[in-house]
Amino acid sequence: MPHRVEFEFGGRTMIIESGKLAKQANGAVTVQFGDSMVLSTVCAQPEPKEGFDFFPLTVEYRERSYAAGKIPGGFFKREGRPSEKEILSCRIIDRPIRPLFPDDFRGETQVINFVISHDQQNDTDILALTGSAAALAISDVPFEKTIAGVRVGMIDGELIINPTIEQIDEAEAYITMAGSADAITMVEGGGREISEEQLIDVLMFGHDHIKIIIEKIEELKAMCGKPKMEYTPVSIDESLITRVKEMVGNRLDEYNRIVDKETRRDKKKKMTDEIIEALEEDFPDSASDIKNIIHDIDSLVMRNMILNENRRIDERQPDDIRDITCEVGFIPRTHGSAIFTRGQTQALVAVTLGTKVDEQRLDELEGESTKSFMLHYNFPPFSTGETKPIRGTSRREIGHGALAERALFPVIPSETSFPYTIRIVSDIMESNGSSSMATVCGSSLAMMDAGVPIKSAVAGIAMGLIKEDDKVAILTDILGDEDHFGDMDFKVAGTSEGITAIQMDIKISGLDIETMRQALDKAHTARMKILDIMNATISKHRDQLSEYAPRIITIKINPSKIGEVIGPGGKVIRAIVEETGAKIDIEDDGTVLIASVDAEAGRKALERVEAIVQEPEIDKVYHGIVRRITSFGAFVEIFPGTDGLLHISEIDNSRVERVEDFLKVGQTVEVKCISVDSDGKIRLSRKALLDNNGGGGKHHSNRDRRPHRPVKPKQ
């Protein structure tokens, strides 16, 4: 029998229902908000997955085209691999729920979300996050806390819960967040240079609304929740733990005081291999358990060193930033490039400028759109000294690229002032700490090097947290090990004026507002220091684009003339492109963009387009070509595709008996436009340019003009 809770939320109705769909899953709910609806399910096995030394959780978010009344494109006409939006939505769901499963639970678990209705107003990713949490809450799968998710928008200083898609586009800030009744567990979003205090207000507002949803999920759980399953907890032989601890001794404490990452890692690996080999006879097939024991000891040693000695692995103080170097213009033939190095983290960033035709075209449930600013992040295995197969872009790479793109978007110039498509590629050369924040810094430098008129420089920093009981240490510019063994990864990016992007993930049950406030304050101080270093390298965008970048000329034409520029079957525009070498893009509103690396090619293409689309102007003089002669005058082409009538009475000061006595087909003649009627018919005059007294076919005096000689009729 179906069970449901229905309540008003943000001025709309939210319905969470269970018992109607997917009843064989461990837990399943539908979440409806407006006419958008998501089905969220969870399935899990009580027994540990054999051969896995980690928790095998997979999260999926898939959009069904029928949800918006669409049929998929392509040859197969069915949904294919997940889009970037679907992957980013998976990450939003995965990050807050993963830390809330019991540490000793290793049963294979799968959370799947289907978007089954989309009203193109209420986004479904946040509904899937709440749906996943609700499905886990009512299921028998072990899960420590009930959580929920919301999105908060800020428009003109007003906070809006779960803003519509249109409102998100207008918002000064848009933050997606998850939390339990007593703490925040995940934050992700961006803003147009908002202050730290504004962000705190957003988070408090969002958390208050999260509590409302959690209360309703608890009501549903009371109606149809299942008792939690009994599962086989993962355990390690106590005698093995004792032996490993004895063999490790104080070595990890010693190794964690080695500053160089490679040396530290090599010593730990040799020690691990030595212990596995020594214990193989007494504890066969225990290599994985031994590694896990050493990992836990390593975590404890590092955390104690930070909390009790106030000492970090690389000897820095908690608020210290590693040495930073910046370089621009490193790659010779790119339109802009930069190297940003912070300690053992390094990003090589390249900027490419393109035209309208290079925009990314998106076909999503929300509708079709284009994207003229793209940032792509790559994390090759050599960046961490490893050997791994490269098999396409990972979810992590897509997520890091999206975070960096979000951080930079508020400073990108409008298409009106800078009509280029911008693509940034960040290739991570080294990684020991936040490479996504290095990407933000490197991308800002590279765009300035490319001459992109960005509003201001953008920098990013990753903050960490170590918390044991009442002892708390907030760390600035965390290392890879501090991220791995720590309790928080808090990334903040922005300009000197405010925050443009934020992402927070925690491994503990939640984080209070006061701790977040302290982390934001420390992140602000660090960001200002990094911006000073970046500005010392390049503080303003270059005045000129690279010689290899296309030059774009923008003109506006009458939309009714678009067909003339394109020509039948594209014949005219193709001819211009082939003859000049320039690229031409025409928008529906009559905006024409002409792009070419060669300035002369762009000028020629512009002249050709202007010649086609120009409108006749009264009193303007044209050098026209006689195209047809009649008994009452001649039709003169004053510019390509446009003819005007030169009436017999306007040919000469004297009376003209025969047009052929003065003009011939193909002749160039100077005429003046004397009128354009409502139907677009053009009347021309040659007489108006002749001497009032001269008659006889003489032109108005001008050394560049030649006297007219009447054509003698054939005998």
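No lab work stands behind these numbers, since they all come straight from the coordinates. Bear in mind that the values here come from a model prediction, so they are computed numbers and not experimental data. Counting neighbours? That spans all protein chains shown, and the Cβs are built from the backbone with ideal geometry, glycine included.
Dipole of segment 470-552, Cα-centred, from +1 at each Lys and Arg C-beta and -1 at each Asp and Glu C-beta, to the nearest 20 debye?
420
Going by average Cβ density within 10 Å per residue, which order do the peptides 636-648, 153-165 take, highest to lowest?
Highest mean packing first, the order is 636-648, 153-165.
Taking the 0 to 90 degree range and rounding to the nearest ten, how far is the long axis of helix 125-138 tilted relative to the main principal axis of the chain, both from C-alpha atoms?
Long axis of 125-138 versus the principal axis of the chain: about 20 degrees.
For segment 10-58 and segment 582-659, what is the separation of their C-alpha centers, rounded to whole Å?
For segment 10-58 versus segment 582-659, the Cα centre distance is 67 Å.
Aspartates and glutamates within cross-link reach of Lys216: Cα-Cα under 12 Å, excluding same-chain residues under 8 positions apart?
Candidates past the 8-residue exclusion: Glu6, Glu8, Glu17.
Please report Rg (one decimal) and Dmax (integer) in Å for the Cα set of segment 238-309.
12.4, 38
If you fit an axis through the alpha-carbon atoms of helix 261-279 and take the longest principal axis of the Cα set of the chain, what angle between them do you get, 0 to 90°, nearest 10?
Helix 261-279 sits at roughly 40 degrees to that axis.
Roughly how large, in nm² to one decimal, is the mean projection of the convex hull of the alpha-carbon atoms in segment 48-96?
5.4
Taking the chain as the reference, fit the longest principal axis to its C-alpha atoms, fit the long axis of helix 238-248 to the helix C-alpha atoms, and give the angle between the two in degrees, 0 to 90, nearest 10.
Helix 238-248 and the main axis of the chain meet at about 70 degrees.
Glu215 to Lys23: FRET efficiency via 1/(1 + (r/R0)^6), r the Cβ-Cβ distance, R0 22 Å, to the nearest 0.05?
0.30
Once label points are set 7 Å from the Cα along Cα→Cβ at both Phe52 and Gln544, what is their separation, rounded to one decimal in nm?
In this crude spin-label approximation the distance works out to 5.9 nm.
Bin width 5 Å, origin at 0, all Cα-Cα pairs of segment 493-606: what percent of pairs per bin?
2, 9, 13, 13, 9, 6, 7, 8, 8, 9, 8, 5, 3, 0
Among the GluC sites (Glu not before Pro) in segment 473-527, which ones are in a DSSP loop with at most 14 other Cβ atoms within 10 Å of the Cβ? Mind listing them?
Filter output for segment 473-527: Glu497.
So which lysines pass the test for Lys455, namely a Cα distance under 20 Å, with those fewer than 8 places away in the same chain ruled out?
Hits, sequence-local ones excluded: Lys371, Lys529, Lys540.
Could you calculate the FRET efficiency of Lys245 with Ile513 from 1/(1 + (r/R0)^6), where r is the beta carbon distance between them and R0 is 45 Å, rounded to 0.05?
It comes to 0.70.
Test of understanding: express the Cα radius of gyration of segment 324-537 as a ratio to 2.2 N^0.38 Å, with N the residue count.
Numbers: Rg = 17.5 Å, N = 214, 2.2 N^0.38 = 16.9 Å.
Scaled against compact globular proteins, the figure is 1.04.
Express in nm, to one decimal, how much length is gained between Lys228 and Ser414 on full extension, taking 0.36 nm for each residue of separation and deducting their alpha carbon distance. Intermediate results must be reported in sequence, preceding the final value.
Numbers: separation 186, 0.36 × 186 = 66.96 nm, distance 5.35 nm.
Extra length from Lys228 to Ser414 when fully extended: 61.6 nm.
Treat each spin label as a single point 7 Å out from the Cα along the C-beta direction, and report the Ser369 to Ser288 distance in nm.
Each label point is offset 7 Å from its Cα along the Cβ direction, giving 4.3 nm.
Would you report the distance distribution of C-alpha pairs in segment 191-265 as whole percents per 10 angstrom bin, up to the bin with the largest distance?
P(r) for segment 191-265, in whole percents per bin: 13, 15, 15, 18, 33, 6.
Can you tell me the mean projection area, over all orientations, of the convex hull of the chain's alpha carbons? Units nm², please.
On the way: hull surface 168.4 nm².
Value for the chain: 42.1 nm².
Suppose the chain between Asp266 and Ile200 were pulled fully straight at 0.36 nm per residue; how much longer would it get relative to their current alpha carbon spacing?
Contour length minus Cα-Cα distance gives 19.5 nm.
Past 21 Å, Cα to Cα, is the threshold; run Lys561/Lys681; Lys268/Lys491; Lys268/Lys467; Lys269/Lys388 against it and keep the listed order.
Lys268/Lys491; Lys268/Lys467
State the extension gain, in nm to one decimal, for the chain segment bounded by Glu84 and Glu166, taking 0.36 nm per residue of separation less the distance between their alpha-carbons. Write down the numbers at each step before the final one.
On the way: separation 82, 0.36 × 82 = 29.52 nm, distance 1.99 nm.
Answer, rounded to one decimal: 27.5 nm.
How fast does segment 3-224 diffuse by Stokes-Einstein, in µm²/s, taking the Kirkwood radius from C-alpha pairs at 25 °C and 0.890 mPa s?
Using the Kirkwood radius from Cα pairs, D works out to 137 µm²/s.
Using only the Cα atoms of segment 551-613, what semi-axes does the equivalent ellipsoid have when each is the square root of 5 times a gyration tensor eigenvalue? Give whole Å, largest first.
Over the Cα atoms of segment 551-613, the ellipsoid semi-axes are 17, 13, 9 Å.
Report, in listed order, any pair from Lys471/Lys522; Lys145/Lys226; Lys226/Lys291 with a Cα-Cα distance greater than 24 Å. Kindly include the intermediate steps, with their values, before the conclusion.
Working: Lys471/Lys522 18 Å; Lys145/Lys226 15 Å; Lys226/Lys291 36 Å.
Checking Cα-Cα distances, Lys226/Lys291 exceed 24 Å.
Placing unit charges on C-beta atoms (Lys and Arg positive, Asp and Glu negative, everything else neutral), compute the dipole magnitude of segment 551-613 about its Cα centre in debye, rounded to 20.
80
Return the Rg/Rh value of segment 218-345, two decimal places, where both radii are evaluated on C-alpha atoms and Rh is the Kirkwood radius.
Rg/Rh for segment 218-345 comes to 1.19.
Simple spin-label model, 7 Å along Cα-to-Cβ: Glu8 to Asp470 in nm?
4.5
For segment 95-175, report the convex hull volume of the alpha-carbon atoms normalised per residue, in Å³, without decimals.
For segment 95-175, the hull spanned by Cα atoms encloses 106 Å³ per residue.
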